[in-house]
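Some notes on the structure that comes next.
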Amino acid sequence: MAFLTGHSGAGKSTLLRLIALIERPTKGQIIVDEQNTKRITNRRIPAYRRQIGMVFQDHKLLYDRPVFDNVALPLVIAGIGHREASRKVRAALDQVSLLNREKQFPATLSSGEQQRVGIARAIVSRPKLLIADEPTGNLDPDLSLEVMRIFRRFNEVGVTLLIASHDISLIDQLGCRRIALENGKLQTDEEEDVVAEYVERLEVERENSRWPE
């Protein structure tokens with residue numbers, strides 16, 4: 001699990017679009033899961049994207065369809081049968097604590113719930129890679145932390161996550177690798193120091209929480 005940081009215009013969203021082959025690089029190359037995206041033909045892009053889950057700041061939900069149909073969309077496109085799709089959709093909704101909202105329409109949900117629907121849709125196909133572009137940009141601090149905890153759970157079961165965010169205070173709480181961009185170029189790549197600081201902070205909190213003997 002890693003974060004892309006940088007000022008507005010630094011290239012965070014562009015990098016995510018390049019990884020998802022929404023855009024193609026004009027030069028250089030991008031390797032994703034040992035695949036050079038430059039060699040992926042337009043015809044193979046749909047199959048390639050099925051390995052990637054995408055979460056957006058503005059949710060990109062279908063407001064004329066209930067939650068269940070929104071989450072099922074990637075499975076319908078992939079031609080998954082109704083019974084298997086239903087099982088996978090309900091499993092994904094359960095992961096984000098929205099199983100009891102499957103028949104509701106997005107407009108009836110809070111912003112945080114809408115974002116969780118977007119996350120459920122992104123993970124319903126069990127992708128190897130999940131990319132998120134400012135997924136907490138429209139959420140308050142408590143909801144933002146809740147979303148990040150959901151991402152952490154996915155990471156713990158083997159999903160690779162790359163998250164673009166400018167919320168440094170939130171990132172600091174998570175102790176994850178941080179990749180900083182500036183003008184489209186890699187500025188810093190912090191991994192060991194950030195994780196070490198996070199572990200040290202946890203140890204201090206654990207020590208302070210102990211009852212005096």
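The values are calculated or read from the model by the stated rules, or taken from the named source; none is laboratory data. Since the structure is predicted, the reported quantities are computational estimates derived from the model, not experimental observations. When we count neighbours, we look across all protein chains shown, and the Cβ atoms used for this are built from the backbone with ideal geometry, even at glycine.
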Yes or no: R87 surrounded by fewer than 15 Cβ atoms within 10 Å (Cβ to Cβ) and either over 13 Å from the mean Cα position of the chain (by Cα) or part of a helix (DSSP H, G or I) (or both)?
yes
Which of the numbered conditions does L139 fail, given that it passes all the others? Conditions: (1) surrounded by 15 or more Cβ atoms within 10 Å (Cβ to Cβ); (2) modelled with pLDDT of 85 or more; (3) not in a helix (DSSP H, G or I).
(2)
Any idea which of V76, V71 is of a type in the set (A, V, I, L, M) and closer than 22 Å to L16 by Cα?
V71
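From the list G112, G184, G79, which residue is small (G, A, S) and surrounded by 13 or more Cβ atoms within 10 Å (Cβ to Cβ)?
G112
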Close pairs (8 angstrom Cβ cut-off, 6 or more residues apart or separate chains): without any contact (Cβ under 8 Å) to a residue 24 or more places away in the chain in segment 24-50, of a type in the set (V, I, T) and part of a strand (DSSP E or B) anywhere:
T37/I31
Just to be sure I understand, how many residues within segment 101-134 are touching a strand residue (DSSP E or B) at 6+ places or on another chain (Cβ under 9 Å) and not in a helix (DSSP H, G or I)?
11
Could you list all residues from segment 41-59 that are in a loop (DSSP other than H, G, I, E, B), under 20 Å from the mean Cα position of the chain (by Cα) and at negative phi?
R50, Q51, Q57, D58
Condition set polar (S, T, N, Q) and surrounded by 12 or more Cβ atoms within 10 Å (Cβ to Cβ), scope segment 1-56, selection farthest from I77 (Cα to Cα): answer is T5
Tally of residues being of a type in the set (S, T, N, Q) and modelled with pLDDT of 90 or more across segment 6-28:
2
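Condition (residue is assigned to a loop (DSSP other than H, G, I, E, B), among the acidic types (D, E), surrounded by fewer than 19 Cβ atoms within 10 Å (Cβ to Cβ) and over 17 Å from the mean Cα position of the chain (by Cα)) applied to segment 60-70: is it met by at least one residue?
Yes, the conditions are met somewhere in segment 60-70.
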For R50, the lone unmet condition from (1) modelled with pLDDT under 90; (2) under 22 Å from R149 (Cβ atoms) is (2)
Pairs with Cβ under 7 Å, 6+ apart, first in segment 52-75 and closer than 21 Å to S13 by Cβ and touching a residue at least 12 places away in the same chain (Cβ under 8 Å), second of a type in the set (D, E) and outside any strand (DSSP E or B):
Q57/E134
